[in-house]
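Asker: This is the structure I want to talk about, given as structure tokens.
The values are calculated or read from the model by the stated rules, or taken from the named source; none is laboratory data. Note that this is a predicted model, so its numbers are computed, not measured. Cβ placement follows ideal geometry from the backbone for every residue including glycine, while neighbour counts extend to all protein chains displayed.
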Amino acid sequence: IPIRAAAPGETPATCPYCGVGCGVLIEHDGTRITGVRGDPAHPANFGRLCTKGSTLHLTAGHDTRLLYPEYRARRGEARTRMGWDAAIDVAAQRFADVIAEHGPDAVAFYISGQLLTEDYYVFNKAMKGLIGSNNVDTNSRLCMSSAVAAYKATLGADAPPCCYEDFDHADTILIAGANPAWAHPVAFRRIEEARARRPGMKIVVVDPRRTDTAAMADLHLAILPGTDVWLFDAMLHVLLRDGLADEAWIAAHTEGFEALRAHVHGVSPAVAAAVCGVAAEDIVTAARWWGEAPAALSLWCQGLNQSTHGTHNGAALIALSLATGKIGRPGCGPFSLTGQPNAMGGREVGGLANLLPAHRDLANPAHRAEVARLWGVDSVPSEPGLTAVELFRAAREGRVKAIWIACTNPAQSMPEQALVHEALAACDFVVLQEAFAGTETAAFADLVLPAAAWGEKEGTVTNSERRISRVRAAVPAPGEARADWRIVCDFARALAPRIGKPQAAAMFAYASAQAIFAEHVASTAGRDLDITGLDYSLLEGEGPQQWPFPAGAAVDGADAAARARLYADGRFATPNGRARFVVPARALTAEKTGVRYPLALTSGRLRDQWHGMSRSGKVARLYGHADEARIELHPQELARRGLVDGDLVKVSSRHGELVLRVAAASALRHGMAFVGMHWGRRALNSAGINLLFGGACDPLSKQPELKHAAVRIEPVELP
Ligand code: SF4
């Protein structure tokens, strides 16, 4: 199988950081990764990499890796080295003991959007097909579940309808709750280039902060936190008032518009301006630029998703595309940017507590029966599993007794961190399947299983534009580390006879990641994401492909053009083919600022760090952009408190407190504060910034409000 555009000694893979999904060529000598370059043949980046991607080889050393399994039989003891066979036996027996005594819903998997699609598939199958519970959820719940719920509510399927090429065709781009300049840099560069080529193009950014993305916008709407729905409703009000809605298209292709029309009738720009804290005329300008543009594209990410009304934030934004018929053609549509490298793949295989493989719904009896047939099991349980926040609450209450955590660090990354720590301490048995040593979660683990990392694993990932890429191993994993899918399958085969299902061991007799992918492919037949035309050979020979890719589809020509954008024919994935308008709740943030906690704290990605820094934190040069955790406030907010840049302050919320250095940032509104999301125990006097955030969730998506906490700051008196 030819390796595209790779020289001898180079192995193609994708970047394991953000959802842009850039192609990377790994330079190596067969045992050691020595360098990286962008893959010129990969359509996500055409050879480009950002600061994080271009330093990936510097993260590949073994110094901070977990090299062999470790176990402790009793809490308080140190873990000691154990062989793989014994480790798998211990894991299986202790899970079996909990299941026997408390039932299958007393165990849970908490996994990660960093896993490959094949890893995700077997985790999901092990919980829902073998154990008989739906308690498998993922850190993708913290970033993308609101977008999933919004797509399904409006367009009928969890399918981002756009592609990166749309940046080149859009006349107006509305970027809401996203800072691609830092979080999706290669995609952002493409937007910048498109604007340079097309001087009339307008960019509108909706963000409480003046981020680097907002700084390049033609119009920055610095709305107050949580007021997004009001803004989008007012924009729709203007579109209707000024005759910029496409009434004929609405009538032909949608339903539910009259209710939304009535809903936005009273939300004039003046009304919304008072709520959002922006000028009414700027709302009018944004609406007109959207309505008058031949092609208009919206991009969104965590700023909308991480909200107690994240689903409605997304639905209200999608309504702008539907009301103007700007979807399904070049430069048009609502386009959620994925945070993690394979949150999309996890969604595709149904690796969340409320989903089933190939976009099937757990709530649908026919879908459960289909999956049971595919897996060769009697049934798939109907009771929804515990979502991320619910899962740790259940563990603290003693309802979940054993938890298996893979490739994520909830002791740092979850909100209501104190509760999460109590939950992990309360569990009878905690397994951590991880590549890197010393994460905050490792302190709670009874059994640690060393996993292979980027550059050592075979599989696939899907990026934000529905493009599936092959990921390849360039070097062997260090020590005794193993591929994630293999660890799960070994565990499942050992567990099956212990829970009275010896014949189910055969469900996990995969010889390779490729065999798992083939089963995943087969499960998609006839579904909206049908990829029955794909296999590893095609992905390796022809390069990454967007879905759907049914059997017989061509990699180029009209088939490729049809895959680039969904819904070009105006038929949507709903039962009657019509897109649905949703009347959004006009809630604000769940947590209110007030006298005790007067500042609205928001968090976000820094340009050069990734998640909890277990990978990017190894690279010295990535600290050049931000060398320590700081809480940013407007300079006048600092002056008012008698603080100067660099002072130490105690930051308190209703959920916890920690000490940080302050930084002056005129990018922030008065009354707001910002902190990078990445900093954990190594940089702080606590396990992580999310200590300050509560666990209030969107009732539809179950995504927590990680973009907002009410806090106060007080000077720290140094001895
Ligand atoms: Fe990696 Fe994202 Fe940077 Fe591309 S833009 S190199 S995927 S971090």
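Asker: All but one of (1) more than 16 Å from the ligand (Cβ to nearest atom); (2) loosely packed, with under 15 Cβ neighbours inside 10 Å hold for I88, so report the exception by its number.
Answerer: (2)
Asker: Out of (1) buried (at least 21 other Cβ atoms within 10 Å of the Cβ); (2) at pLDDT 95 or above, the odd one out for L658 is which?
Answerer: So L658 meets the others, but not (2).
Asker: Okay, moving on. Could you tell me whether region 141-161 includes any residue that is within 16 Å of the ligand (Cβ to nearest atom), under 23 Å from I318 (Cβ atoms) and of a type in the set (F, W, Y)?
Answerer: no
Asker: If only one of A353, A358, A323 is of a type in the set (A, V, I, L, M, F, W, C) and either touching a Lys or Arg at 6+ places or on another chain (Cβ under 6 Å) or within 16 Å of the ligand (Cβ to nearest atom) (or both), which one is it?
Answerer: Numbers: A353 fails: either touching a Lys or Arg at 6+ places or on another chain (Cβ under 6 Å) or within 16 Å of the ligand (Cβ to nearest atom) (or both); A323 fails: either touching a Lys or Arg at 6+ places or on another chain (Cβ under 6 Å) or within 16 Å of the ligand (Cβ to nearest atom) (or both).
Step by step, each of A353, A358, A323 is checked, and only A358 is of a type in the set (A, V, I, L, M, F, W, C) and either touching a Lys or Arg at 6+ places or on another chain (Cβ under 6 Å) or within 16 Å of the ligand (Cβ to nearest atom) (or both).
Asker: For region 669-686, how many residues meet the condition of being in contact with a strand residue (DSSP E or B) (Cβ under 9 Å, 6 or more places away or on another chain) and under 19 Å from L648 (Cβ atoms)?
Answerer: So the count comes out to 10.
Asker: For region 136-154: of the residues being within 21 Å of F572 (Cβ to Cβ) and of a type outside the set (S, T, Y), which is modelled with the lowest pLDDT?
Answerer: Step by step, filter region 136-154, then rank; the result is M144.
Asker: I need every pair where a residue in region 676-699 that is polar (S, T, N, Q) has its Cβ under 6 Å from the Cβ of a residue that is buried (at least 24 other Cβ atoms within 10 Å of the Cβ) and not in a strand (DSSP E or B), sequence separation at least 6 or different chains.
Answerer: The qualifying pairs are N690/P415; N690/Q417.
Asker: Would you mind listing the helices (runs of 4 or more DSSP H) fully within region 314-428 where at least 3 residues are under 30 Å from Q546 (Cα atoms) and without any contact (Cβ under 8 Å) to a residue 12 or more places away in the chain?
Answerer: Hits in region 314-428: 365-375.
Asker: With closer than 30 Å to T441 by Cα and not polar (S, T, N, Q) as the only criterion, which of G570, G624 stands out?
Answerer: Criteria check complete, one pass: G624.
Asker: Does A709 satisfy being buried (at least 23 other Cβ atoms within 10 Å of the Cβ) and over 18 Å from M613 (Cβ atoms)?
Answerer: Yes; evaluated as a whole, the condition is true for this residue.
Asker: Oh, and also: Can you tell me which residue in region 23-80 is nearest to the ligand (Cβ to nearest atom), limited to those that are among the small types (G, A, S) and more than 30 Å from H625 (Cα to Cα)?
Answerer: Residue satisfying both the conditions and the ranking: G30.
Asker: For region 437-456, which positions are closer than 28 Å to A147 by Cβ and more than 16 Å from the ligand (Cβ to nearest atom)?
Answerer: Hits for region 437-456 are T439, E440, T441, A451.
Asker: While we're on this one: Please find, among R190, R197, the residue that is among the charged types (D, E, K, R) and either within 17 Å of the chain's Cα centre (by Cα) or away from the ligand (no atom under 16 Å from the Cβ) (or both).
Answerer: Among R190, R197, only R197 is among the charged types (D, E, K, R) and either within 17 Å of the chain's Cα centre (by Cα) or away from the ligand (no atom under 16 Å from the Cβ) (or both).
Asker: Regarding region 607-628, can at least one residue be identified that is among the basic types (K, R), more than 23 Å from the chain's Cα centre (by Cα) and not assigned by TED's automatic domain parsing to the domain that holds D207?
Answerer: Yes, region 607-628 has at least one match.
Asker: Specify which of the listed residues (G21, G47) is crowded, with 19+ Cβ neighbours inside 10 Å and either closer than 22 Å to E165 by Cβ or touching a helix residue (DSSP H, G or I) at 6+ places or on another chain (Cβ under 6 Å) (or both).
Answerer: Criteria check complete, one pass: G21.
Asker: Got at least one residue in region 511-524 being in a loop (DSSP other than H, G, I, E, B), on the phi < 0 side of the Ramachandran plot and of a type in the set (V, I, T)?
Answerer: yes
Asker: Could you check how many residues of region 586-632 are within 30 Å of L56 (Cβ to Cβ) and in contact with a strand residue (DSSP E or B) (Cβ under 8 Å, 6 or more places away or on another chain)?
Answerer: Applying the first criterion (within 30 Å of L56 (Cβ to Cβ)) to region 586-632 yields 602-632.
From what is left, the residues that are in contact with a strand residue (DSSP E or B) (Cβ under 8 Å, 6 or more places away or on another chain) are 602-606, 609, 612-615, 626, 628-632.
The number of residues fulfilling the criteria is 16.
Asker: If a residue has to be farther than 21 Å from L588 by Cβ and either surrounded by 19 or more Cβ atoms within 10 Å (Cβ to Cβ) or in contact with a helix residue (DSSP H, G or I) (Cβ under 8 Å, 6 or more places away or on another chain) (or both) to count, how many in region 221-250 make the cut?
Answerer: Qualifying residue count, region 221-250: 8.
Asker: While we're here: Looking for whichever is farther than 25 Å from C143 by Cβ and within 16 Å of the ligand (Cβ to nearest atom) here; the options are R621, R607. Which one fits?
Answerer: R621
Asker: Could I ask something else about it? Of these, I99, I3, which one is away from the ligand (no atom under 16 Å from the Cβ), in contact with a strand residue (DSSP E or B) (Cβ under 8 Å, 6 or more places away or on another chain) and at pLDDT below 95?
Answerer: After ruling out the rest, the residue left standing is I3.
Asker: In addition: For region 256-304, how many residues are touching a strand residue (DSSP E or B) at 6+ places or on another chain (Cβ under 8 Å) and closer than 30 Å to N463 by Cβ?
Answerer: 14
Asker: Take the conditions more than 30 Å from L231 (Cβ to Cβ) and either outside the structural domain of D233 (by TED's automatic domain parsing) or under 24 Å from the mean Cα position of the chain (by Cα) (or both) and apply them to A579. Does it pass?
Answerer: Answer is no for this residue.
Asker: Which of the following residues is in contact with a strand residue (DSSP E or B) (Cβ under 9 Å, 6 or more places away or on another chain) and surrounded by fewer than 16 Cβ atoms within 10 Å (Cβ to Cβ): G526, G479?
Answerer: Result: G479 is the single residue among G526, G479 that is in contact with a strand residue (DSSP E or B) (Cβ under 9 Å, 6 or more places away or on another chain) and surrounded by fewer than 16 Cβ atoms within 10 Å (Cβ to Cβ).
Asker: Taking only region 235-257 into account, find how many residues are at positive phi and either touching a residue at least 60 places away in the same chain (Cβ under 8 Å) or assigned to a helix (DSSP H, G or I) (or both).
Answerer: Count: 1.
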